[in-house]
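Participant: I'd like to ask you about the structure that follows.
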Amino acid sequence: MNAADQKYRFFPILSRSDNTHIFLTFALPFTRKMKQKLSEQEAIRREALASLRELDIDPYPAEGYDINASSREIKENFPSDNSLFQDVKLAGRIMGRRIMGSASFAEIQDESGRIQLYFNRDEICPGEDKTMYNTVFKRLLDIGDIIGVKGFVFTTKMGEITIHVKEFTILCKSLRPLPVVKEKDGRVYDAFTDPEQRYRHRYLDLIVNPEVREDFRRRAQLIRSMREFLLNRNYLEVETPVLQPIYGGAAAKPFKTYHNKLETTLYLRIANELYLKRLIVGGYDAVFEFAKDFRNEGMSRFHNPEFTQMELYVAYRDYEWMMGLVEEMIEKIVLDLHGTTSVKTGEHIIDFKRPWKRFTMYGAIEHFTGQDISEMDEGEMRAFAKREGVETDESMGRGKLIDEIFGEKCEPHLIQPTFITDYPVEMSPLAKKHREKPGLVERFEAICNGKEICNAFSELNDPVDQRARFEEQLELGRRGDPEAMVLDEDFLMAIETGMPPTAGLGIGIDRLAMILCNKPSIQDILFFPQMRPEKTGGSDEGKEEFIRAGVPEQWAGLLVQAGIPGIDALKSANPNKVFNQLCGLRKKLKLDIPPPGPEEVKDWIKGESQ
């Protein structure tokens, strides 16, 4: 690094009693290139980090910090006689500070909530050296830093339960500012609510929106309740391959990869059904798996390419029996989560109390369209779909057409839990033919809040019929259906060995969690949903151009994000529109910088800012 590239900063790290300061000069490892990538707040925090190290304070200590209480435990159990929590040790993130003279307050957030801290200079620093309070606490700590505190609990004159800090330890120095969320009189202002930013930076969402953490605890409780229900019936929880040489068990397009050592193509599983059935063939009476499955399809607020489902297979049972199990299990889960079978989801109150309503597939379509389609051939079905405004294409066979009609005309109306039963055989290559109704199979789906939450069959165990169904799927694939199933010879060999009569079930955990957590989007109940690549709106060259033209660094980057690629585009832009765009981005990104003035933006555009 040459001298021209070095940047020196002065920062007060020691205070004297006469209010003068000792300044240490240190060369920060900032080149001009690095400086351009840091906001003012980020640069200040790195200066504070260097100052802490100059004071021989490790901002990232290796040793553990043993806590003996939580904020919630203290708030719920602190007695009026102050007899408990007189020697507490707590750790968490600083979420607010009120710096005064020799006494200050702060707010710390741990996993269970927030609690107020009280700092007194002469108790933190009982000797003449007041560095830990005057410099470290007041000047070098920031909102977002993680600290540990020791002290005792008391109630302030305002009635707030507070920890009187006797000693504190820096556990982690935060180098990026948190989104600014303001709260006054119980009301939240400038909340971190932009969905895209929340999903992309879930860690920030979890820090500043504590209610989001509760949603994910509820999701975990849902899975735990379901697992307990199945284990209590002595069903065996198993694991099956994620990487599969042949994908199957569902009508979906897979993700494809390649194994270098084996020199073979593999697929991320779209379902675990065929492997679980092999275990039933092997002699287990009941197996289940909580599985991550992957489907290379569209994304929406109901679909994520990576999703969680529970699949269950029970020998010597049928789909009628499985409907009873589903009602009982989900009713139990809802009671575990909410203490009642009625749950508010959006504008609806959904009641999961047994028994649930039932429609046959053809009966539901007739109920909502007024048309019986059970005797229509493929051509008549296609014409009917067109009259009803349902989009189709030439690759769709009769079963796919029925599925599209049902999804468009029936599903949105099914708000309360409803079983749709007895599907056409064309729609269900893995289900057993109906014992009484020719052309149908013994299959049901549970629909709730307008979307499928589970799918179940009396499983097909006739190997000759199964092979014929697979061959029909191959024909659909030749016609161009990207979701047609492929023929799995090893699975057919297993079925030919002999599989007992079996009921199978798949439940979408994500969809069920959406309903039980009252969330409108699947992204709200996935920690890290798949997102499209983030668009910056331009290049580093455009930002450098703006800086050379005299635009302040912090606004140069935002101009690029606003879709203005360079100085020529800026000169032809409307000043008021640019001003509004920058102010909007500042608010959206929660930037702790003052907005530019309208006249300042006009000067950039006129080229008069240098």
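The values are calculated or read from the model by the stated rules, or taken from the named source; none is laboratory data. All values reported here derive from a predicted model rather than from experimental measurement. Note that each Cβ is placed from the backbone with ideal geometry, even for glycine, and that neighbours are counted across all protein chains shown. We work out accessible area using only protein heavy atoms, side chains counted, and drop any ligands, DNA or RNA first. Shrake-Rupley method; radii C 1.70, N 1.55, O 1.52, S 1.80 Å.
Participant: Using a basic spin-label model with each label point 7 Å from the Cα along Cα→Cβ, how many nm lie between residue 169 and residue 157?
Facilitator: Here the modelled spin labels are 3.4 nm apart.
Participant: Relative contact order for the chain using alpha-carbon pairs under 8 Å, separation at least 6, rounded to a whole percent?
Facilitator: So the answer I get is 10 percent.
Participant: With every protein chain present, what is the per residue accessible area of the chain (1.4 Å probe, Å²)?
Facilitator: With the other protein chains kept in place, the chain gives 50 Å² per residue.
Participant: Could you give the dipole magnitude of the chain about its Cα centre, charging the beta-carbon of Lys and Arg +1 and that of Asp and Glu -1, in debye to the nearest 20?
Facilitator: Using only the charged Cβ atoms, the result is roughly 2260 debye.
Participant: Further question: If R₀ is 45 angstrom, what is the calculated FRET efficiency for the pair residue 233 and residue 395, using the beta carbon separation as r and rounding to 0.05?
Facilitator: Approximately 0.60, to the nearest 0.05.
Participant: Under unit Cβ charges (Lys, Arg +1; Asp, Glu -1), what dipole magnitude, rounded to 20 debye, does the range 31-96 have relative to its Cα centre?
Facilitator: Here the size comes out at about 700 debye.
Participant: Using bins 5 angstrom wide from zero, how does P(r) for the range 385-429 break down, in % of all Cα pairs?
Facilitator: 5, 20, 27, 24, 17, 7, 1
Participant: If you don't mind, there's one more thing I want to ask. Using the Kirkwood radius built from alpha carbon pairs, what does the Stokes-Einstein equation give as D for the chain at 4 °C and 1.567 mPa s, in µm² per second?
Facilitator: 44 µm²/s
Participant: Share of the range 369-424's accessible area from carbon and sulfur, percent, 1.4 Å?
Facilitator: Using a 1.4 Å probe with all protein chains present, the range 369-424 comes out at 40 percent carbon and sulfur.
Participant: Then there's this: For the chain, with the dipole built from +1 on Lys and Arg beta-carbon atoms and -1 on Asp and Glu ones, taken about the Cα centre, which of 410, 579, 552 lies farthest toward the positive end?
Facilitator: Checked the options; the winner is 552.
Participant: I've got another one for you. Using only the alpha carbons, work out the radius of gyration and Dmax of the range 54-127 in angstrom.
Facilitator: Both quantities, over Cα of the range 54-127: 14.2, 44 Å.
Participant: Sort out for me the Cα centre separation of the range 339-412 from the range 550-573, rounded to whole Å.
Facilitator: 51 Å
Participant: Then there is this: Send over the Kirkwood Rh of the range 82-227, from the inverse of the averaged 1/r over different Cα pairs, rounded to one decimal Å.
Facilitator: After inverting the mean inverse Cα-Cα distance, the result is 17.0 Å.
Participant: Continuing with this model, one more query. Given the C-alpha centroids of the range 110-185 and the range 273-288, what is the distance between them in whole angstrom?
Facilitator: 56 Å
Participant: Right, something else. What translational diffusion coefficient, in µm²/s and rounded to a whole number, does the Stokes-Einstein relation yield for the range 310-449 at 20 °C and a viscosity of 1.002 mPa s, taking the hydrodynamic radius as the Kirkwood radius over Cα pairs?
Facilitator: 130 µm²/s
Participant: As a test of understanding, state the convex hull volume per residue of the range 455-497 from its alpha carbons, in Å³.
Facilitator: It comes to 78 Å³ per residue, whole-number rounded.
Participant: Quick one: divide the alpha-carbon radius of gyration of the range 310-350 by 2.2 N^0.38 Å and tell me what you get.
Facilitator: So the Cα radius of gyration is 1.46 times the expected 2.2 N^0.38 Å.
Participant: Modelled label-to-label distance, residue 42 and residue 263, 7 Å Cα→beta-carbon offset: nm?
Facilitator: Distance between label points: 4.7 nm.
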